[in-house]
Amino acid sequence: MYSELKDKVVIITGGSNGIGRAIVERFVKEGSIVYNFDVSDPKDPLGKFIRCDVSSENDVKNSINRVIRESGRVNVLINNAGIESFGSVGKVPLDEWKHILDVNLQGAFLMSKFTIPHMQENGGVIEFISSIQAKIIQKKLAAYVTSKHALIGLMKSIAIDYAPKIRSMAICPGSVRTPLLEWTAMKEVGNNKERIEGKLKEWGNLYPMKRIAEAHEVANLVAFLASDEAMYITGLCIPFDGGLSIALFESVPEDDD
Ligand SMILES: NC(=O)c1ccc[n+]([C@@H]2O[C@H](COP(=O)([O-])OP(=O)(O)OC[C@H]3O[C@@H](n4cnc5c(N)ncnc54)[C@H](O)[C@@H]3O)[C@@H](O)[C@H]2O)c1
């Protein structure tokens with residue numbers, strides 16, 4: 001726990017489910033004043049929910065203005081909301097391409113753009129939930145992969161343009177157990193609970209840590225980066241992937257290790 005996060009005003013996008021929900025829970029535990037900007041209702045009230053489509057300039061402006069009216073400041077912004085779609089460049093329809101970039105990239109841009117003016121006097125922290133797909137990529141995910149790479153450029157631009165007042169970092173998770181990942185597994189194995197669980201286990205075995213991550217583990221890193229312990233960290237893109245992105249799975253002759 002980080003006592004300095006108490007009473008900080010924290011906005012999390014996509015906080016109704018998955019990783020965002022775990023981040024909301026974590027900041028609520030820290031005693032922060034937490035706002036969840038999401039298009040879907042949370043399953044139970046935790047923090048303050050504001051219905052906001054992050055890809056809409058009007059929604060974002062109005063929602064941030066409401067936070068300022070109610071709480072007077074924003075100290076931390078977590079750009080987490082994201083969606084996925086499948087398809088190579090040749091296959092992905094233009095409207096789907098635009099939709100993925102509108103939510104994943106433009107959403108984070110708008111949220112940052114309209115939050116930064118409220119951070120310039122007293123400083124702040126802006127974090128992005130990108131993906132390990134910003135470093136190593138899967139086939140047939142062109143729009144998603146592009147959006148997650150672009151977030152790193154956005155994060156670095158903020159880090160350089162607004163230092164030292166504002167720190168900015170990106171977390172690049174591998175597979176994390178969430179509704180989004182279950183949906184991805186379902187696309188492969190159909191809507192069967194056992195088969196979905198089997199797929200998640202199979203994916204976990206690909207990781208040196210031999211499992212996928214849990215959402216609260218991402219939230220632990222998010223809280224650390226927002227804390228004073230991370231005061232000198234900015235502009236960093238942090239793989240959170242159980243060692244996946246450093247592993248080459250080519251075997252060499254066994255020795256006695
Ligand atoms: N789960 C994983 O394995 C994984 C891995 C790497 C990166 N990520 C990234 O983490 C983030 C969260 O993913 P998740 O797995 O928790 O997903 P999720 O689908 O479980 O939750 C995403 C949340 O974002 C909200 N959302 C979607 N579109 C929105 C919009 N236009 N405006 C506001 N809110 C919107 C959804 O309603 C939902 O509550 C995403 O950016 C995703 O790309 C996830």
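Under the condition of being open to solvent by less than 30 Å² (accessible area, probe 1.4 Å) and hydroxyl-bearing (Ser, Thr, Tyr), the residues counted in region 73-98 number 1.
Does Arg69 satisfy being among the basic types (Lys, Arg), without any contact (Cβ under 8 Å) to a residue 24 or more places away in the chain and within 15 Å of the ligand (Cβ to nearest atom)?
Values: among the basic types (Lys, Arg): yes; without any contact (Cβ under 8 Å) to a residue 24 or more places away in the chain: yes; within 15 Å of the ligand (Cβ to nearest atom): no.
No.
Among residues of region 76-99 that are polar (S, T, N, Q), those with a beta-carbon under 6 Å from a residue that is assigned to a loop (DSSP other than H, G, I, E, B) and open to solvent by less than 20 Å² (accessible area, probe 1.4 Å) at least six positions away or on a different chain give the pairs Asn80/Gly14. Restricting attention to region 194-221, the residues that are of a type in the set (Lys, Arg), open to solvent by 30 Å² or more (accessible area, probe 1.4 Å) and touching a helix residue (DSSP H, G or I) at 6+ places or on another chain (Cβ under 9 Å) total 3. Where residues in region 119-153 are in contact with a strand residue (DSSP E or B) (Cβ under 8 Å, 6 or more places away or on another chain) and more than 23 Å from Ala219 (Cα to Cα), which of them is surrounded by the most Cβ atoms within 10 Å (Cβ to Cβ)? Applying the filter and picking the extreme gives Ala143. Kindly check whether there is at least one residue in region 14-32 that is within 14 Å of the ligand (Cβ to nearest atom), assigned by TED's automatic domain parsing to the domain that holds Gly124 and farther than 23 Å from Arg177 by Cβ. Scanning region 14-32 turns up no residue that is within 14 Å of the ligand (Cβ to nearest atom), assigned by TED's automatic domain parsing to the domain that holds Gly124 and farther than 23 Å from Arg177 by Cβ. Scanning region 18-41 for residues that are open to solvent by 30 Å² or more (accessible area, probe 1.4 Å) and touching a strand residue (DSSP E or B) at 6+ places or on another chain (Cβ under 8 Å) yields a total of 4. Does any residue of region 138-146 turn out to be part of a strand (DSSP E or B), within 15 Å of the ligand (Cβ to nearest atom) and closer than 26 Å to Glu202 by Cα? Looking through region 138-146, at least one residue is part of a strand (DSSP E or B), within 15 Å of the ligand (Cβ to nearest atom) and closer than 26 Å to Glu202 by Cα. Looking only at residues of region 62-80 that are β-branched (Val, Ile, Thr) and not in a loop (DSSP other than H, G, I, E, B), we find that the one that is farthest from the chain's Cα centre (by Cα) is Ile68.
Taking every residue in region 152-166 that is in the same structural domain as Pro117 (by TED's automatic domain parsing) and outside any helix (DSSP H, G or I) and pairing it with any residue that is among the hydrophobic types (A, V, I, L, M, F, W, C) and surrounded by 19 or more Cβ atoms within 10 Å (Cβ to Cβ), at least 6 positions away or on another chain, the pairs with Cβ-Cβ distances below 9 Å are Lys165/Met119; Ile166/Ile116; Ile166/Met119; Ile166/Val125; Ile166/Ile126; Ile166/Ile158; Ile166/Ala159.
The values are calculated or read from the model by the stated rules, or taken from the named source; none is laboratory data. Model, not experiment: these values are computed from the prediction. Backbone-built Cβ (ideal geometry, glycine too); neighbour counts: all protein chains shown. The area values use the complete protein model at the heavy-atom level, side chains included, leaving out ligands, DNA and RNA. Shrake-Rupley method; radii C 1.70, N 1.55, O 1.52, S 1.80 Å.
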